[in-house]
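Worksheet for the structure shown next.
Nothing in this text is a laboratory measurement; each read-out follows from the coordinates by a stated rule. Bear in mind the structure is a predicted one, so any value in this text is a computation, not a measurement. Glycine gets a Cβ as well: all are built from the backbone with ideal geometry, and neighbour counts include every protein chain shown.
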Amino acid sequence: MSTRECLTRHTLNATVLIALAGIAHADPNDEPVSGQIIAELVPGASVNTFNGRYGTSTLDSIASRNIYLLSLPEGMTRDEFEILTFGDLDLDHFELNFSATDPGGDTRSFYGGRSTNDYRGQAAASALNLPQAHSISTGSGVTVAVIDTGVDADHVALVSNLVQGWNFVTNTGQTDDVPRGVDSSGNGNPDEFVGHGTMIAGMIHLVAPDAQIMPIVALDSDGRTTSFTVAKAIYYAIDKRVNVINLSLGTSAPDEDVLVLRDAVDEARRHWITVVASAGNLGHTGNDQYPAAFQENRSLAVGACDWQDQVADFTNIGDHVIVTAPGIDTIGTFVDGGYQIGEGTSFSTAWVSGTAALINAVGWDHSPRKVARHIERSAAPFNNLPLHLEGLVGGGVLDAHGALLEHTEEPPCPADMNDDDMLSPTDFTAWVIAYQDGDFSADQNRDRYLTPSDFTAWITNFNIGCQ
C-alpha cells in the first residue's frame, strides 16, 4: 500500500451523527433567520440614519466593513424591504442571514476515545508523508485561525500553541470548547458538537507542530451559526493577520445569497490568507456547499477519501475541489484532554490547513493561488478512479511532503507581479494595481502591511531578478 494512500473506512454500526459543524453541511435547504437582513452600506453612510429611515434596528455589526445585521420591522418581508429601499444611495446591497436547519450527511463527527499514541501514530501521519515534510517545515512563525466551536485551552498537546482569539457566540474572549446547554438543532440533544473545534486544532497541530492556532468561536456548542457570524469571524482573522483560515463548515444556501461570505473570503485572499474549506458531506450528488464551492477557487476546497485509495462516498465532489485528504477514522485531540476518532470532510480540511501552514513557513510566494496550486499538483492520483469522478476530486490525495517540495523547488521571483515568469515594466503596472486594490502581492518587504516602502522593496526585488 502506498504511503500516499488515505485512511480506511471501518463499518459503522452506531447511531449516525452530524459530521460537519456549522452552517453545517446541513440539509439541502438552509433557511434564512426570520426577520433579519445583512446590509452593507456605502462608506460614510450612517446606520443610525438608515435605521431611522426604514424602522430597522441594529443587531450586530462589522463596522470596519460597513456591514450590519439588522432586524426588520415586525411583519415586513424581504421583498417589501427591497421595494422600500430601492434607489437608496446609502445602501450598497443587502441579503438574508442564512443559518442551518437539519444536519446532513451520513457521517459521524466523533465516535470513540483514543490514546496519545494512537493520535501521534495514526496512519494519516505516514499516509501524508508528515515525517518527511517536517524535515523541511514545521510551520514555525505561522498562525492558523480555526473558526469553529472553540479549542480546549488546557489540552496538553495544544496549550503551548494557542494564541488569543475571540468568541462571536458569547462576544467574549472565552474561546474554550465547552458545553453550553444549547440545542439549536431542536432534536433534543444539546451540545452535540462540543469537541469539534478541538479535534480540528489537534489535526492541524499534528501536521504543523510549530504553527500557532487561533481559536475563533463562530459555531455554538450544537454546531450552528449564521452566514453573518462566519463572515464576522473571517474578518476578525484577517485583521489579526493570520496566515491560514480553517473552515470546517458550510452552507447550502445559493452562492448569490451569501455574498457576505464570498466578500470575506475574497478579502482574505487579497491579504494572502489561504482559506481552506470543507466540500461537504452530502454525497457525490449533494448540493454544493459554500464557501468551498465559490467560483474561481476562492477557497481551497477539500473532499474526503479513505486509505484504500477510494473517494469517500459521503463527500461532496465537483470541479471546485482542489484535493482530497483522510476523512475516515481520523484521530484528533478532544475536550478534557482526550483524543477521539471521527469522520467527515471537516477533518480532511484540517490536514490541508496544516499543510498550508507548512508551506507558509518557507519560501516567499504564499499567495492562496500558489498554495492551492502546489497542493493540487503534488497530490497522489487515485488508482482506478471511476470515470464519472474524473475532474471532480481535485488532484488526488494530499501529500504534505510533495506539496512542500513543489513549493520550495519553484524559484522565487517576488517582483514578477503579473506571474508570467519574466520581469518587465508591466510588472510595475501590476504592482501599482495590486497596491491600490489592497492585494498583498504588493507587500514586497513581507511585513504583512502595505506601505510606500513596498515600492522600494519592489525595485530591489526587480533588480535582484528571478532566482
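Counting every other Cβ atom within 10 Å of each residue's Cβ, Asp313, Asp329 order from fewest to most as Asp313, Asp329. Relative to its residue count, the stretch 411-467 spans a Cα convex hull of 70 Å³ per residue. Across the chain, Cα-Cα pairs more than 44 Å apart make up 11 percent of the total. Counting other Cβ atoms within 10 Å as a rough exposure proxy, the listed residues Met203, Met422, Met76, Met214 run Met422, Met76, Met214, Met203 from fewest neighbours to most. Ranking Leu259, Leu405, Gly44 by Cα position along the charge dipole of the chain, where only Lys, Arg, Asp and Glu carry charges on their C-beta atoms, puts Leu405 farthest toward the positive end. Under 5 Å from the amide H of Phe193 lie the amide H atoms of Asp222, Gly223, each residue being 5 or more positions distant or on a separate chain, with H modelled from the backbone and absent for Pro and chain starts.
Secondary structure note: in the chain, about 55% of the DSSP beta bridges are antiparallel.
With 0.36 nm allotted per residue and the present C-alpha distance subtracted, the Asp176-Arg78 stretch has 31.6 nm of extension available.
With r as the distance between the Cβ atoms of Asn463 and Asp257 and R0 = 51 Å, compute the FRET efficiency 1/(1 + (r/R0)^6) and round to 0.05.
The value I calculate is 0.60.
In plain terms, the chain from Thr456 to Thr116 could stretch by 117.4 nm, reckoned as 0.36 nm per residue minus the Cα-Cα distance. Shown for Lys370, Lys232: other C-beta atoms within 10 Å of each C-beta, ranked fewest to most, produce the order Lys370, Lys232.
Exposed loop sites here mean GluC sites (Glu not before Pro) with a DSSP loop assignment and at most 14 other beta-carbon atoms within 10 Å; the chain contains its longest site-free run at 75-389.
Given +1 at the Cβ of Lys and Arg, -1 at the Cβ of Asp and Glu and no other charges, the dipole of the chain around its Cα centre is 1040 debye to the nearest 20. Stokes-Einstein diffusion of the stretch 135-262 at 25 °C, 0.890 mPa s viscosity, Kirkwood radius from Cα pairs, rounded to a whole number: 165 µm²/s. In plain terms, the C-alpha convex hull of the stretch 32-98 casts an average shadow of 4.0 nm² when viewed from every direction. Shown here: the stretch 256-391, whose C-alpha atoms stretch 40, 37, 31 Å along the first, second and third principal axes, sorted largest to smallest.
Summarising the amide proton neighbourhood of Met214: residues at separation of 5 or more, or on other chains, whose placed amide H is nearer than 5 Å comprise Val144, Ala145, Val146, Val163.
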